[in-house]
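Take a look at the structure set out below.
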Amino acid sequence: MLGLEVHKTFTKDLIKAKLNPTNSAKLFLYISKLLNNEELPKEAKNHFLSGEWSDTQEFHISGDLLVIYMISESSLQLLRIGTHSQLFKKF
């Protein structure tokens, strides 16, 4: 089982996201699966990212709501949660 690291930006994003009970349940289910080295369901659309996020992966909770994370040898690091436009906007 992996350890869990929650970055400060993830915590701030999570407060802003105001998840409904269904999305909260999915989030905790998917995190639990990752911590136990289990595959996520296909509906999560889990995949690696590229560019500046090339060492990370993302999964979808629902629609345009996604989580960016990284897995190391010993831990799952939750980095960001939000919509594509919130997380990947260009300035």
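The values are calculated or read from the model by the stated rules, or taken from the named source; none is laboratory data. From a predicted model like this one, the values you see are computed outputs, not experimental measurements. Every residue, glycine among them, receives a Cβ derived from its backbone with ideal geometry; neighbour counts consider all protein chains shown.
Number of residues in region 3-58 that are modelled with pLDDT of 95 or more, among the aromatic types (Phe, Trp, Tyr) and buried (at least 16 other Cβ atoms within 10 Å of the Cβ) equals 2. Checking each residue in region 2-20 for being in a loop (DSSP other than H, G, I, E, B), hydrophobic (A, V, I, L, M, F, W, C) and closer than 15 Å to Met70 by Cα picks out only Leu2.
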